[in-house]
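Novice: This structure is in structure tokens; I'll ask about it shortly.
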Amino acid sequence: MGINLTFLGHAGFLLSDGKHTVAIDPFLTDNPVATMTPEDVHCQAIVVTHGHADHMGDTVAIAKANNATVFGANEIAECVGSQGITTEPGNPGGKIAAEFGWVAFTQAFHSSSYNGQYMGMPCGAMVHLGGVTVYHLGDTTLFGDMKLIGEIYQPDIALIPIGDRFTMGPELATRAAELVKPKVAVPMHYRTWPLLLQDPSGFTPKGMEVKVLEPGETWQYQ
């Protein structure tokens with residue numbers, strides 16, 4: 001078993017095991033590095049880590065086009081659910097069963113709002129499909145319980161923000177990866193705009209593979 005992981009640019013990804021596809025934080029419209037449009041995305045589920053526009057992105061449009069279920073914090077589920085979308089609300093600490101496997105939200109240290117509306121706690125997201133566990137850290141700074149999260153969920157892949165200013169920079173992201181201890185660490189949330197770090201070379205965690213993906217690139221993990 002395994003998955004294909006497609007980088008949408010910024011912090012967006014598609015995970016597919018050949019039968020099910022899950023989108024995470026699908027921000028494409030107004031994303032200057034995106035190579036795909038919302039119409040290119042076909043999925044059964046969407047996981048949203050928090051409410052900021054560069055993560056909520058095209059969630060509503062993609063969910064409506066695909067009749068996809070949105071997984072997110074309770075406030076995010078209420079927001080998109082009011083637009084006729086099927087939701088699976090959750091919060092850090094719980095696990096949500098799904099046709100493809102499961103989703104679990106973890107804590108993240110950031111903020112979360114959409115168009116001025118509070119969107120609940122920001123989260124990281126653990127997504128399990130195709131026998132593979134992927135940890136999307138969301139937008140967060142470093143915190144010590146990343147070690148415990150890694151021990152509990154034992155993620156195969158960690159998607160880690162490195163862009164600085166709004167999230168960890170490469171030095172803290174390196175420490176985060178070494179606490180989580182995935183098999184593969186993928187940097188994200190950088191070079192989208194001039195305010196963010198443009199180069200991942202400072203992201204150098206030891207004890208794992210670092211996989212740098214270009215927007216639109218698909219990588220197979222088995």
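Bear in mind that the values in this text are calculations on the coordinates, not laboratory data. Because the structure is a prediction, the values reported are computed rather than measured. Here Cβ is always computed from backbone atoms with ideal geometry, including for glycine, and neighbour counts include all displayed protein chains.
Residue-by-condition table, conditions (1) in contact with a helix residue (DSSP H, G or I) (Cβ under 7 Å, 6 or more places away or on another chain); (2) exposed (fewer than 14 other Cβ atoms within 10 Å of the Cβ); (3) not in a loop (DSSP other than H, G, I, E, B):
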site	(1), (2), (3)
ARG165	no, yes, no
LEU172	no, no, yes
ALA176	yes, no, yes
LEU179	yes, no, yes
ALA185	yes, no, yes
ARG191	no, no, no
LEU196	no, no, no
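Novice: Name every residue in the range 119-137 that is in contact (Cβ under 8 Å) with a residue 60 or more places away in the chain and part of a strand (DSSP E or B), in order of residue number.
Specialist: Hits for the range 119-137 are CYS123, GLY124, ALA125, VAL127, LEU129, VAL132, VAL134, HIS136.
Novice: Somewhere in the range 80-97, is a residue surrounded by fewer than 16 Cβ atoms within 10 Å (Cβ to Cβ), within 19 Å of ALA11 (Cα to Cα) and small (Gly, Ala, Ser)?
Specialist: no
Novice: Can you pull out the residues in the range 118-154 that are aliphatic (A, V, I, L, M) and more than 19 Å from THR69 (Cβ to Cβ)? Can you show your working first?
Specialist: Within the range 118-154, the subset aliphatic (A, V, I, L, M) is 119, 121, 125-127, 129, 132, 134, 137, 142, 146, 148-149, 152.
Those that are aliphatic (A, V, I, L, M) and more than 19 Å from THR69 (Cβ to Cβ): MET121, VAL132, LEU137, LEU142, MET146, LEU148, ILE149, ILE152.
Novice: Right, something else. Report yes if some residue within the range 165-188 is charged (D, E, K, R) and within 15 Å of the chain's Cα centre (by Cα); otherwise report no. Write out each step before concluding.
Specialist: Narrowing the range 165-188 to residues charged (D, E, K, R): 165, 171, 175, 178, 181, 183.
Going one step further and asking which of them are within 15 Å of the chain's Cα centre (by Cα), we end up with none.
No: the range 165-188 contains no residue that is charged (D, E, K, R) and within 15 Å of the chain's Cα centre (by Cα).
Novice: Of all residues in the range 63-72 being in contact with a strand residue (DSSP E or B) (Cβ under 6 Å, 6 or more places away or on another chain) and crowded, with 23+ Cβ neighbours inside 10 Å, which is farthest from THR106 (Cα to Cα)?
Specialist: For the range 63-72, the residue satisfying everything is ALA63.
Novice: While we're here: Taking the range 114-144 as the search range and keeping residues that are small (Gly, Ala, Ser) and crowded, with 16+ Cβ neighbours inside 10 Å, which one is farthest from TYR190 (Cα to Cα)?
Specialist: GLY130
Novice: So, in the range 17-60, exactly how many residues are surrounded by fewer than 24 Cβ atoms within 10 Å (Cβ to Cβ), small (Gly, Ala, Ser) and touching a Leu at 6+ places or on another chain (Cβ under 8 Å)?
Specialist: The number of residues fulfilling the criteria is 1.
Novice: Just give me the residues in the range 198-219 being loosely packed, with under 14 Cβ neighbours inside 10 Å, within 21 Å of VAL132 (Cβ to Cβ), over 17 Å from the mean Cα position of the chain (by Cα) and not acidic (Asp, Glu), in sequence order.
Specialist: GLY207
Novice: Can you confirm whether the range 208-221 contains a residue that is among the hydroxyl-bearing types (Ser, Thr, Tyr), closer than 20 Å to LEU15 by Cα and not in a helix (DSSP H, G or I)? Show your work before the answer.
Specialist: Filtering the range 208-221 down to residues among the hydroxyl-bearing types (Ser, Thr, Tyr) leaves 218, 221.
This time we only want the ones that are closer than 20 Å to LEU15 by Cα, so: 218, 221.
Next cut, not in a helix (DSSP H, G or I) only: 218, 221.
Yes - at least one qualifying residue is present in the range 208-221.
Novice: Residues being more than 18 Å from the chain's Cα centre (by Cα) and farther than 20 Å from SER113 by Cα: count how many of those fall in the range 38-83.
Specialist: 6
Novice: Search the range 52-68 for residues that are more than 21 Å from GLY120 (Cα to Cα) and pair each with any residue that is surrounded by fewer than 16 Cβ atoms within 10 Å (Cβ to Cβ) when their beta-carbon atoms are under 7 Å apart and the residues are at least 6 apart or on different chains.
Specialist: That search, which allows pairs on different chains as well, returns ASN66/HIS42.
Novice: In the range 138-162, what residues are in a helix (DSSP H, G or I) and small (Gly, Ala, Ser)?
Specialist: The one that is in a helix (DSSP H, G or I) and small (Gly, Ala, Ser): GLY150.
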